[in-house]
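Working notes, structure below.
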4 protein chains.
Amino acid sequence: MSFNSFGRVFRFSTWGESHGPALGAMVDGCPPGLELSEADIQPFLDARRPGQSKYTTQRKEPDQVKILSGVFEGKTTGTPVSLMIENVDQRSKDYSEVAKAYRPGHADYAYDVKYGFRDYRGGGRSSARETAARVAAGAVARLAIPEISIRAWVAEIGGDAIDMANFDSDEIGNNPFFCPDAEAAKRWEALVDGARKDGSSLGAIIACEATGVPAGWGAPVYAKLDSEIAAAMMTINATKGVEIGDGFEAARLRGEDNADAMRPGNEGPRFASNHAGGTAGGISTGQPIFCRVAFKPTSSILTPVDTITRDGEATEIVTKGRHDPCVGIRGVPVVEAMMALVLADQKLLHRAQCG
Amino acid sequence: MSFNSFGRVFRFSTWGESHGPALGAMVDGCPPGLELSEADIQPFLDARRPGQSKYTTQRKEPDQVKILSGVFEGKTTGTPVSLMIENVDQRSKDYSEVAKAYRPGHADYAYDVKYGFRDYRGGGRSSARETAARVAAGAVARLAIPEISIRAWVAEIGGDAIDMANFDSDEIGNNPFFCPDAEAAKRWEALVDGARKDGSSLGAIIACEATGVPAGWGAPVYAKLDSEIAAAMMTINATKGVEIGDGFEAARLRGEDNADAMRPGNEGPRFASNHAGGTAGGISTGQPIFCRVAFKPTSSILTPVDTITRDGEATEIVTKGRHDPCVGIRGVPVVEAMMALVLADQKLLHRAQCG
Amino acid sequence: MSFNSFGRVFRFSTWGESHGPALGAMVDGCPPGLELSEADIQPFLDARRPGQSKYTTQRKEPDQVKILSGVFEGKTTGTPVSLMIENVDQRSKDYSEVAKAYRPGHADYAYDVKYGFRDYRGGGRSSARETAARVAAGAVARLAIPEISIRAWVAEIGGDAIDMANFDSDEIGNNPFFCPDAEAAKRWEALVDGARKDGSSLGAIIACEATGVPAGWGAPVYAKLDSEIAAAMMTINATKGVEIGDGFEAARLRGEDNADAMRPGNEGPRFASNHAGGTAGGISTGQPIFCRVAFKPTSSILTPVDTITRDGEATEIVTKGRHDPCVGIRGVPVVEAMMALVLADQKLLHRAQCG
Amino acid sequence: MSFNSFGRVFRFSTWGESHGPALGAMVDGCPPGLELSEADIQPFLDARRPGQSKYTTQRKEPDQVKILSGVFEGKTTGTPVSLMIENVDQRSKDYSEVAKAYRPGHADYAYDVKYGFRDYRGGGRSSARETAARVAAGAVARLAIPEISIRAWVAEIGGDAIDMANFDSDEIGNNPFFCPDAEAAKRWEALVDGARKDGSSLGAIIACEATGVPAGWGAPVYAKLDSEIAAAMMTINATKGVEIGDGFEAARLRGEDNADAMRPGNEGPRFASNHAGGTAGGISTGQPIFCRVAFKPTSSILTPVDTITRDGEATEIVTKGRHDPCVGIRGVPVVEAMMALVLADQKLLHRAQCG
């Protein structure tokens, strides 16, 4: 119901703008007794933090999280966990151009029509800085699902995909692209740097896998796991598509090629394949949950684009400033956070109904 | 929160199984004073109805809707509209095989693990018959958004896509495939019939466009229009992916190619393109809302597939019975219904907050 | 969120009007595997049924419930349980007077202002017939909380209260007033019959007790058990007040007299008293949950009352027809149903968060 | 859904404990364009602030509110308004006794059973300090309903009621009891001071009236205005009862005495009385909304009470520390805040459905 909350029982809300004093998240419904300190959250924020390579925005934000409530003697109490991240590097800048004219691809025009005006400093609430708050919330969610391992990676930048034959999960942390294919990572250096130098930008596709999800999470009909994951991912800035398992490719398979045959296993069935991405009828099957998320190229580019002013006059705009040449890259920790938040909620929902 | 409801203010819930006495929907939050009779709903149910060509399941269901509440003197009263569709053709059949073994791709195994047992007759609650209830609810939603025109079509079957150069919206109703390209429709006859004869099945991609949506609907951050649409579409049986605007293709464009330039127009801006699919920052821009939905091939096929029994023994299964060779085809009215239901809700939510 | 639903995880919705074809309830989130048939529901409907004595309305409704979904082989499947009760005795009557003028105390005027018009036949959606649907839903809820015993009774009619010294729970079913005090029941015969003959009406206070509720249900802050119960009871027609434990009387006690001292017990503490009505900080303590609910006198009376017409003209109205002289009496099974529905929801919510 | 949020469209959440670093509220769904600064909120916090007379707790808290988000150039942007109040006077105290034994009437035992442990410092989340956060949120809500005037007062302390013949709304701010009857206020000085000196405590009844509420707010059946108000009030610490209009007294009236006769008026009807407290069928009638709320006596008293330790051993407890001898007194601004929050939500919900 509320516009800035997500989840049903394990539910979080975020608040804050790019250039306000702080951002934050409130996590409600968290199980009691989980060991939680700022040190459990900070590494995830660090992974998302801007300014760590020339391939991401140069805004410098320490993104230090503070826990303001919900923890006592190092453990969650079952009451709301309030998390705050102060904004530090709100560089004083001339926003008069952005205040006057609409940047295509940005929320500027839509916010103005909806609300009558907008906080134009750094995109206000529509800034990708909001994702810091959800990464913090996601770190709490992970503690509620210790049985599950979640990892995401960049599978494609600007149409250049990784080769799954080269997939090495240890590589993901070894390059600034969260890329599991060392060769692709090398190619992407030139690709992304080229786009940056051109004042252009690139889109990306992120893949995410959650292993250890037991069979039986999710629910018919309007709470299908597929739907919850899709909803979660499509709340992330710049996302334009999501698929579970083979997704759009499944639409090109024949029934017998898409079937995930089952054979007897030690614990539950052994599946011969995972075209479905770990769900059937919207409910987990015990296979890894797999999804892919499409990020459009960053809308802020140096190429002049036709636009209009607030008064409806024709003009051109060039979006200067500190921007990610490929906003998808830093989406990796955000996608992981959203997966953790969805699964923590599903775990609680499942035991609510099914004990 | 509830598992079988969707929407925030204009909210509907559905109930019923494939082989129970009836299916139904309850629409809550409907504005008062809308003219509504069964005749407003029936055409949409007729479009979805099975058994109308050899390309869809041969189950014969009249799918006659009854309005049980919420209408007085031909107008909605503002109280819940209860809709019921009786099941008629629950062919008595031997379900002993399905009761014992799990059909890969179906919800059988997942339901059994989740709930401890399942209604195996025709898939129970996981049957695509549930979509009749939402098509009925969607017809009510359309009345709440008379300013909006929604149409969906099949854009691709089994990897064979329409040619947009041949797009003719009048064609959509002229063939059993909801296909706007007369040439593609011809090709699909052989394609789908071949799959049917082979006991195989095909996937499909459905496109949907809503025109007349004013700028300003949707909301940051966790109620983005993109997210609401993605969630809605991914609740439909057999869907595995959704994209807004260019979707996954946008991830392969450069920033300047993905920008929807704006020029002064008579009412609001004139956009030079619609890569974004009608949203920016999750809020409508006044452009047509455009999405695409991937349907996997029908899981029920005559090819034997390895599986296990409820007792964990290896076996093979062949899914006989009356099935759609391409379940995506009949998804067209369902996709339209979900779009209408999302937009009716967004209209109400927008005026709640913004007057 | 939705106007006609209640509950968070164990959630039910109702639909239907006094003079429509049927009423119904949909119960969502019900745990799977509960044995459920129409015979489990019917006795509760029978207890609420009108026309059983001269002290209640003479409308004759069999109130036969049908289960339309969610049960397979005699057990709940975990999917929505849809319940329907057909309206039978919609006596054809002249409603022209009620259509034109507003009955004071009824929803007539408020509905007209809110919705622009109203279903004036028997009160439409505002009729107490709606409570049949929740009594049916409540019977399902009881199955989800077999550890809990709920009983309600009439504690006071028209200011004449029972004497707790005479309390005998076996008496409750022995008189038409759900009265646990045989002497009071005798007095009430004359009292209620007198009001009926006068064309007047009486208010009542219902008490409800739930035993067997374990400590730990409910949650801070906006989901306190006290708040959930108050919300639930105040959705019942004609209710104007609710109190938990000593309620308003607690406001007149000193701290030491209101304290429920605790002593060691076999299972949890032994409390010396139960002023609190079974909650502390909004969470159950293991003591019986106790509440009282105030019902105003039936608004439909034969005494002429000043009112206005739809056109704003002065007039007088006399509400003829079949009415309960004391609508509170038949509130007993409804109060019990709401208590069961709240507690089933709380049970599920508690295990969602706390395992 | 979430445990620490309230409202449907205008929705707020609170977080924080008595002895944590801060408390806060997030207001989501607030209409854009409302002028809002900290100065609009502070007076309401000041009215609730402790330590202002000897009749309330001596804890010294400045309760300075900070707006962390959702306001730009002095106006609400339509995005979440985050409010924070730092805790200052968390007097270092020996909590070892409270940590070990349960205070009767407090949430200690219930929290321990529910969550396995508890933050025992000053009551943790169950502390009445939480109400500071909702008073801040309520100040924002008031801005969304400028047409409405809300005022609450103490109607009764320890069984000593005001005389409505002496009612003077200007008196409410003239004494430390929010008492509209100057004579009663005088009596209460001795009464409350006596209780304080005795180490005892007193209950209170608060009345609240909202004028200017147009007819048509609220909704059948499970979103009745009566139910929403009851739910809201019963979330406040120490409340045990709520009534709308005549409430429990209505249960003692005959139908003709409880009828609010209507006569033609200039704008809508003129009502001859307001027994109903401004609602009919759960929907506002245009009359003032009136409710009363019962507060139990403060549970913290100096009289020794029997209790048990965490280990189940018998002991006695005396609750030393800084406590309100009558916690109901400071409930006045909290009751007003909750009324404002409910009505802001209802306003938005009404225009969502009814335009």
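Looking only at segment A:120-130, residues that are part of a loop (DSSP other than H, G, I, E, B), in contact (Cβ under 8 Å) with a residue 40 or more places away in the chain and open to solvent by 20 Å² or more (accessible area, probe 1.4 Å) come to 1 in all.
Test B:Cys179 against the stated conditions and say whether it is open to solvent by less than 10 Å² (accessible area, probe 1.4 Å), more than 10 Å from chain A (Cβ to nearest Cβ), assigned to a loop (DSSP other than H, G, I, E, B) and in contact with a strand residue (DSSP E or B) (Cβ under 6 Å, 6 or more places away or on another chain).
Working: open to solvent by less than 10 Å² (accessible area, probe 1.4 Å): yes; more than 10 Å from chain A (Cβ to nearest Cβ): yes; assigned to a loop (DSSP other than H, G, I, E, B): yes; in contact with a strand residue (DSSP E or B) (Cβ under 6 Å, 6 or more places away or on another chain): yes.
Yes.
Can you confirm whether segment A:214-229 contains a residue that is without any contact (Cβ under 8 Å) to a residue 40 or more places away in the chain, hydroxyl-bearing (Ser, Thr, Tyr) and in contact with a strand residue (DSSP E or B) (Cβ under 6 Å, 6 or more places away or on another chain)? Yes - at least one qualifying residue is present in segment A:214-229. Among the criteria (1) open to solvent by less than 10 Å² (accessible area, probe 1.4 Å); (2) within 9 Å of chain B (Cβ to nearest Cβ), the one A:Ala210 does not fulfil is (2). Restricting attention to segment C:1-18, the residues that are touching a Lys or Arg at 6+ places or on another chain (Cβ under 7 Å) and either without any contact (Cβ under 8 Å) to a residue 24 or more places away in the chain or farther than 27 Å from D:Leu349 by Cα (or both) add up to 3.
For segment D:162-173, indicate whether the set of residues that are among the aliphatic types (A, V, I, L, M) and under 19 Å from the mean Cα position of the chain (by Cα) is non-empty. The answer is yes, given that some residue of segment D:162-173 is among the aliphatic types (A, V, I, L, M) and under 19 Å from the mean Cα position of the chain (by Cα). Just one of (1) modelled with pLDDT under 95; (2) surrounded by fewer than 20 Cβ atoms within 10 Å (Cβ to Cβ) fails for B:Arg59. It is (2). Being crowded, with 24+ Cβ neighbours inside 10 Å, in a helix (DSSP H, G or I) and within 14 Å of another protein chain (Cβ to nearest Cβ) holds for only one residue in C:Val140, C:Val154, and it is C:Val140. Residues that are within 21 Å of D:Val242 (Cβ to Cβ) and in contact with a His (Cβ under 9 Å, 6 or more places away or on another chain): does segment C:273-280 have at least one? Yes, segment C:273-280 contains at least one residue that is within 21 Å of D:Val242 (Cβ to Cβ) and in contact with a His (Cβ under 9 Å, 6 or more places away or on another chain).
Kindly establish whether A:Val335 is in contact (Cβ under 8 Å) with a residue 60 or more places away in the chain and open to solvent by 10 Å² or more (accessible area, probe 1.4 Å).
Working: in contact (Cβ under 8 Å) with a residue 60 or more places away in the chain: yes; open to solvent by 10 Å² or more (accessible area, probe 1.4 Å): no.
When the stated conditions are applied, A:Val335 does not pass them.
If you check C:Ala232 against the conditions, is it among the small types (Gly, Ala, Ser), part of a helix (DSSP H, G or I), within 23 Å of D:Ala251 (Cβ to Cβ) and more than 7 Å from chain D (Cβ to nearest Cβ)?
On the way: among the small types (Gly, Ala, Ser): yes; part of a helix (DSSP H, G or I): yes; within 23 Å of D:Ala251 (Cβ to Cβ): yes; more than 7 Å from chain D (Cβ to nearest Cβ): yes.
It is true that C:Ala232 is among the small types (Gly, Ala, Ser), part of a helix (DSSP H, G or I), within 23 Å of D:Ala251 (Cβ to Cβ) and more than 7 Å from chain D (Cβ to nearest Cβ).
Which one is nearest to C:Ile308 (Cα to Cα), of the residues in segment D:317-326 that are open to solvent by less than 30 Å² (accessible area, probe 1.4 Å) and among the β-branched types (Val, Ile, Thr)? Once the filter is applied, the top-ranked residue is D:Thr319. The set of residues in segment D:255-264 that are out of contact with any Phe, Trp or Tyr (no Cβ under 8 Å at 6 or more places or on another chain) and either closer than 27 Å to C:Glu17 by Cα or more than 7 Å from chain C (Cβ to nearest Cβ) (or both) comprises D:Gly255, D:Glu256, D:Asp257, D:Asn258, D:Ala259.
When you check B:Ile205 against the structure, is it more than 7 Å from every other protein chain (Cβ to nearest Cβ), more than 26 Å from A:Ile329 (Cβ to Cβ) and touching a Phe, Trp or Tyr at 6+ places or on another chain (Cβ under 9 Å), yes or no? No; evaluated as a whole, the condition is false for this residue. For first residues located in segment B:72-83 and touching a residue at least 40 places away in the same chain (Cβ under 8 Å), partners that are in a strand (DSSP E or B) and among the aromatic types (Phe, Trp, Tyr) and lie 6+ apart or on another chain with Cβ distances below 8 Å form the pairs B:Pro80/C:Trp15; B:Val81/C:Trp15; B:Ser82/C:Trp15. The residues listed here are D:Asp170, D:Asp193; of these, the one that is of a type in the set (Asp, Glu) and either open to solvent by less than 40 Å² (accessible area, probe 1.4 Å) or part of a strand (DSSP E or B) (or both) is D:Asp193. Restricting C:Val65, C:Val71 to residues that are in contact with a helix residue (DSSP H, G or I) (Cβ under 6 Å, 6 or more places away or on another chain) and either within 14 Å of chain B (Cβ to nearest Cβ) or within 25 Å of C:Arg151 (Cβ to Cβ) (or both) narrows the list to C:Val65. Once segment C:294-316 is narrowed to residues that are in contact with a Lys or Arg (Cβ under 9 Å, 6 or more places away or on another chain) and closer than 24 Å to C:Thr131 by Cβ, the residue that is surrounded by the fewest Cβ atoms within 10 Å (Cβ to Cβ) is C:Leu302. Among the candidates D:Pro31, D:Pro21, D:Pro80, the residue that is away from chain C (no Cβ under 14 Å) and open to solvent by 30 Å² or more (accessible area, probe 1.4 Å) is uniquely D:Pro21. Of the set (1) under 20 Å from the mean Cα position of the chain (by Cα); (2) facing chain B (nearest Cβ under 8 Å), all apply to A:Ala215 but (1). Please work out if D:Leu302 is at pLDDT 95 or above and at negative phi. The answer is no for D:Leu302. Here B:Val242 fulfils each of the conditions (1) in contact (Cβ under 8 Å) with a residue 40 or more places away in the chain; (2) at the interface with chain A (Cβ under 8 Å from one of its Cβ atoms); (3) more than 30 Å from B:Arg322 (Cβ to Cβ) apart from (3).
The lone criterion from (1) open to solvent by less than 30 Å² (accessible area, probe 1.4 Å); (2) more than 9 Å from chain B (Cβ to nearest Cβ); (3) farther than 18 Å from C:Val327 by Cα; (4) free of Cβ contacts under 8 Å to residues at least 60 places away in the same chain left unmet by C:Gly51 is number (3). Considered as a group, the residues in segment A:249-286 that are surrounded by fewer than 23 Cβ atoms within 10 Å (Cβ to Cβ) and among the polar types (S, T, N, Q) include one that is nearest to B:Asn237 (Cα to Cα), and that residue is A:Asn274.
The values are calculated or read from the model by the stated rules, or taken from the named source; none is laboratory data. What you see is a predicted model; the values in this text were computed from it and never measured. Note that each Cβ is placed from the backbone with ideal geometry, even for glycine, and that neighbours are counted across all protein chains shown. Note: areas computed on protein heavy atoms with side chains; ligands, DNA, RNA excluded. Shrake-Rupley method; radii C 1.70, N 1.55, O 1.52, S 1.80 Å.
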